[in-house]
1. How would you rank 211-221, 101-111, 25-35, 151-161, highest first, on the average number of other Cβ atoms within 10 Å across their residues?
2. For the stretch 83-189, what class follows from the C-alpha gyration tensor (a ≥ b ≥ c being the square roots of its eigenvalues): rounded when a/c is under 1.5, otherwise prolate if a/b is larger than b/c, else oblate?
């Protein structure tokens, strides 16, 4: 079954925090302490429920923001994200309405206005969940789900490489990696437009993109430990080879030729072993 936007192995250290909603919960937390000290048990339970709702809204919003970010990085997702951001905004509006009506003692219509304002404000600040699918289906090939899964797995590797590249300080190597990932995405786009070629390209994509991901990870690890010029030259040699291969394979795709899979993969494996990377 093809993966959707949430079922990935993306490597990310990014923090998707709805910090404004967490700040919004602070007055209710202070109110809980006040009610507890004054022994106002009914109001304590009510304010506690409101505070939990606001915090839960912040957690849902953070999850929705993360899902939206992952969705935006992908071109071949079949499903749209579950509407966590919409639900978070709705929950915040309900909590605000209850707080204004039952805690602050506003008239019900005024309290309703506060609730609506909180929900709309949340939409304006954070936005809403994506609602448009990026992929419908491959109608002209057998096992279209498998073909889509191959593209999605390959795209995950490309995204991981892009994210790792953003942390590389070496400008020359970073630029080269950027050229490679651009080429890789162009190859995936050509395959997407010619889905009958996807199955044939699977081994090539997996081998080269996994190899490139390993190169980037190994470079990041060794670059921190030592400033080895020879090792850095080895990494550059591998990247030059990978860039050339992706250039060649893109040209073959555009000219309707087949992939030189076995030859290219053997070249990569030999090169990685020679440089001590594989």
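A short reminder: the numbers here are calculations on the coordinates, not readings from a lab. Treat the numbers as computed from the prediction; the structure is a model and nothing was measured. Cβ: placed from backbone, ideal geometry, glycine included. Neighbour counts: every protein chain shown.
1. Ranking, from highest mean packing down: 151-161, 211-221, 25-35, 101-111.
2. Verdict is oblate for the stretch 83-189.
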